[in-house]
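Undergrad: One structure follows; several queries about it will come next.
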Amino acid sequence: MSAAPIDLRSDTVTRPTAAMREAMVRAEVGDDVFGDDTTVNRLQETLAGQLGFEAGLFFPSGTQCNLAALMAHCQRGDEFLVGQEAHTYLHEGGGAAVLGSIQSQPLAQAPDGTIPLASIEAAIKPADDHHVRTRLLALENTIGGKVLPQGHAQEATTLAHRHGLATHLDGARLFNAAVKQQVEARVLVQGFDSVSVCLSKGLGAPVGSVLVGTRALIKEARRWRKVLGGGMRQAGILAAAGLYALEHHVARLAEDHSNAQALAGGLRGLPGLEVEAPETNIVWVNVAAPLAARLVPALAERGVLATGTTRVRFVTHLDVSAADVARAVAVVREVTSPSGC
Ligand SMILES: *Cc1c(COP(=O)(O)O)cnc(C)c1O
């Protein structure tokens with residue numbers, strides 16, 4: 001393959017644009033552990049203000065951002081309720097248990113990503129010495145590329161608060177949900193006590209996530225960030241990329257969503273593929289048995305990168321054009337055609 005591969009493995013693969021690198025070069029920096037990196041401070045204040053929170057905190061990764069949030073909300077021996085397909089439960093190495101001494105109570109999710117309110121309520125443990133203390137409900141938006149229904153977030157957080165639980169939103173792709181629904185992101189985070197947002201996915205920054213919450217919660221999370229090794233020094237270089245992304249790369253997420261629609265449309269009906277309708281920038285394709293084992297490697301040989309076997313994931317992002325999508329469809333068509341490979 002002579003041309004650069006079309007990388008649909010994740011929206012984390014985006015490279016900083018020339019203009020973003022320019023913003024990074026120009027960034028004013030200080031020592032953020034001392035709190036005097038003005039660019040980091042500006043990023044934290046900007047996102048907190050945008051989402052309607054008192055304070056923000058910059059992290060090197062979304063995983064560390066979520067973990068510090070869990071540790072700020074929960075003490076040793078506390079529990080958090082979480083969807084069993086949620087990133088914080090399934091894809092963060094069990095960090096809550098390993099590093100936080102926090103028990104996860106995973107709950108089955110409906111196909112739309114919601115957790116039935118009755119199962120949330122039933123999972124809240126009675127207050128006696130036999131039981132772990134249920135302290136927090138964590139939700140995710142988007143979840144597997146699906147927009148979490150807004151009514152659900154409202155009902156679930158109200159229920160949690162009624163039982164004295166705190167609420168956290170893993171909003172790694174929050175802006176995808178906001179752009180898709182054409183609402184301000186701050187509307188989608190109402191009812192949550194803290195929210196994490198990834199800058200390094202569709203927003204295209206090289207590194208970083210931001211946690212927002214009350215001043216008190218952020219103070220606690222800041223302590224855990226240091227303990228977890230996430231205290232960075234002249235991090236303004238990285239925060240500048242985040243600020244640039246918030247200004248220039250949010251509205252354009254709509255392009256990723258329409259590219260995902262085009263990709264799904266192009267793949268639909270190809271032999272051996274069952275394509276799920278994408279809501280944002282993630283296209284899920286269920287692949288029939290003989291094809292499943294060879295599809296992703298065969299695509300890779302032809303310069304189209306994806307992940308999975310029986311359930312293959314294609315993610316559109318800043319570095320994938322409509323022409324790339326057309327080429328990717330042509331390659332999948334070739335690989336899946338009965339007379340093909
Ligand atoms: C990517 C992601 C994270 C954070 O991942 P990092 O790779 O650690 O930045 C958290 N939650 C969700 C839903 C994600 O998709």
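Read-outs: derived from the displayed coordinates by stated rules, not from any lab. As the structure is a prediction and not an experimental result, all values here were calculated from the model. Cβ: placed from backbone, ideal geometry, glycine included. Neighbour counts: every protein chain shown.
Undergrad: Indicate, rounded to the nearest 5 percent, the antiparallel portion of the DSSP beta bridges found entirely in the chain. It would help to have the intermediate numbers written out before the result.
TA: Values: 20 of 40 bridges.
If we restrict to bridges inside the chain, about 50 percent are antiparallel.
Undergrad: Let me ask something else. Quick check: residue separation of Gln84 and Lys219 times 0.36 nm, minus the Cα distance between them. What number comes out in nm?
TA: Result: 45.7 nm gained on full extension.
Undergrad: Now for a different question. Determine the shape class of the chain: with a ≥ b ≥ c the square roots of the Cα gyration tensor eigenvalues, call it rounded for a/c under 1.5, and otherwise prolate if a/b is greater than b/c, oblate otherwise. Please report the intermediate quantities before stating the final value.
TA: On the way: a/c = 2.05, a/b = 1.31, b/c = 1.57.
Cα axes put the chain in the oblate bin.
Undergrad: Can you compute the FRET efficiency between Arg76 and Asp128 using 1/(1 + (r/R0)^6), with r the Cβ-Cβ distance and R0 = 22 Å? Round to the nearest 0.05.
TA: Details: r = 18 Å, r/R0 = 0.83.
With R0 = 22 Å, the Cβ-Cβ based efficiency is 0.75.
Undergrad: Now, a different point. So what J values fall out for region 158-174 if you push phi through Karplus, 6.51 cos²θ - 1.76 cosθ + 1.60 with θ = phi - 60°, rounded to Hz, Gly and Pro as x?
TA: Running phi through 6.51 cos²θ - 1.76 cosθ + 1.60 with θ = phi - 60° gives 5, 4, 4, 5, 4, 9, x, 8, 8, 10, 10, 10, 7, x, 3, 10, 3 Hz.
Undergrad: Same structure again: Tell me, in nm to one decimal, what length is gained between Ala118 and Ala18 on full extension, where the rule is 0.36 nm per residue of separation less the Cα-Cα distance?
TA: 31.0 nm
Undergrad: Here's a follow-up. According to a simple spin-label model (label point 7 Å from Cα along Cα-to-Cβ), what is the distance in nm between Ala110 and Thr38?
TA: Using points 7 Å along Cα→Cβ, the separation is 5.0 nm.
Undergrad: Follow-up. Roughly speaking, what is the stretch gain from Arg233 to Arg333, that is 0.36 nm per residue apart minus the C-alpha to C-alpha distance, in nm to one decimal?
TA: 31.1 nm
Undergrad: Pop a pseudo-label 7 angstrom from the Cα along the beta-carbon direction at both Asp319 and Asn286 and give the gap in nm to one decimal.
TA: Taking the simple label geometry, Asp319 and Asn286 are separated by 3.2 nm.
Undergrad: Using a 10 Å cut-off around each Cβ, can you sort Asp112, Asp78 from fewest to most neighbouring Cβ atoms?
TA: The fewest-first ordering by Cβ neighbours comes to Asp112, Asp78.
Undergrad: Does anyone have the angle between helix 253-267 and the longest principal axis of the chain? Alpha-carbon axes, 0 to 90°, nearest 10?
TA: For 253-267 against the chain, the angle is about 40 degrees.
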